[in-house]
Amino acid sequence: MDVETREQFEEGKKQIAEVATRYAGQHGLTPREIRWEERGLDVSMVFETDNHQVDIPFSVDEVAFYPEGVGNDVTKRKIRDKFAGLSI
C-alpha cells in the first residue's frame with residue numbers, strides 16, 4: 001500500500017469507527033476499546049464494551065474508499081445490523 005492509500009485507509013478506519021460508535025450509542029453501548037485486526041486481504045473492526053464484543057469484517061478496499069463515499073450505504077448497513085443483532 002502506498003503512502004497516499006495508507007493515509008486514506010487510516011482515515012477510513014477512523015470514520016468507520018465513528019459510525020460504529022454512533023450506532024452503538026443508539027443501543028446504549030459505549031466502547032471500552034475499538035481496535036482493528038488485519039486478516040490477509042480483509043480487516044476486522046473489533047468493538048468492545050464491558051459486556052459485548054462486536055467483530056465487523058471489512059475488505060481493505062471498503063475501508064480505504066470509505067472517505068470518498070464509495071459504498072458507504074452498504075458499510076453503514078453492515079455496522080447497523082451488527083449492533084441491532086445485540087438487541088434481539
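Across the stretch 41-57, rounded Karplus estimates of 3J(HN,Hα) from the backbone phi angles (6.51 cos²θ - 1.76 cosθ + 1.60, θ = phi - 60°) give 8, 10, 10, 10, 8, 10, 10, 10, 10, 5, 10, 9, 10, 10, 10, 10, x Hz, Gly and Pro being marked x.
Over the chain, with every protein chain in place, what whole percent of the accessible area is carbon and sulfur at 1.4 Å, could you tell me? Don't jump to the answer; show the numbers that get you there.
Details: 2520 of 5340 Å².
Percent of accessible area from carbon and sulfur atoms in the chain: 47.
Put simply, the amide H of Thr49, placed in the peptide plane, has neighbours under 5 Å in Arg32, Val54, leaving out anything fewer than 5 places away on its chain.
For the chain, modelled as a GNM whose springs connect Cα atoms under 10 angstrom apart, the maximal fluctuation among Val46, Val63, Val74 occurs at Val74.
What's the local net charge at His27, with K and R +1, D and E -1, over the other residues with C-beta under 13 Å away? Show your work: numbers first, answer last.
Details: positive: Arg22, Arg80, Lys82; negative: Asp81.
Counting the neighbours of His27, the net charge comes to +2.
The C-alpha atoms of the chain define a longest principal axis, and helix 3-26 lies at about 10 degrees to it. Under the simplified labelling scheme, the Gln15-Lys78 pair shows an inter-label distance of 1.4 nm, with each label point 7 Å from Cα along Cα→Cβ. Coupling constants for the stretch 66-77 follow from the phi torsions by the Karplus curve (6.51 cos²θ - 1.76 cosθ + 1.60, θ = phi - 60°), and in residue order they are 4, x, 8, x, 7, x, 4, 4, 5, 5, 5, 5 Hz; glycine and proline get x. Solvent-accessible surface of the chain, taken per residue with a 1.4 Å probe and all protein chains present: 61 Å².
The values are calculated or read from the model by the stated rules, or taken from the named source; none is laboratory data. Note that the structure is a prediction, hence the values are computed from the model and not measured. A quick note on method: Cβ atoms are made from the backbone with ideal geometry, for glycine too, and the neighbour counts reach across all protein chains shown. To get the accessible areas, we keep the full protein, side chains included, count just its heavy atoms, and leave off ligands, DNA and RNA. Shrake-Rupley method; radii C 1.70, N 1.55, O 1.52, S 1.80 Å.
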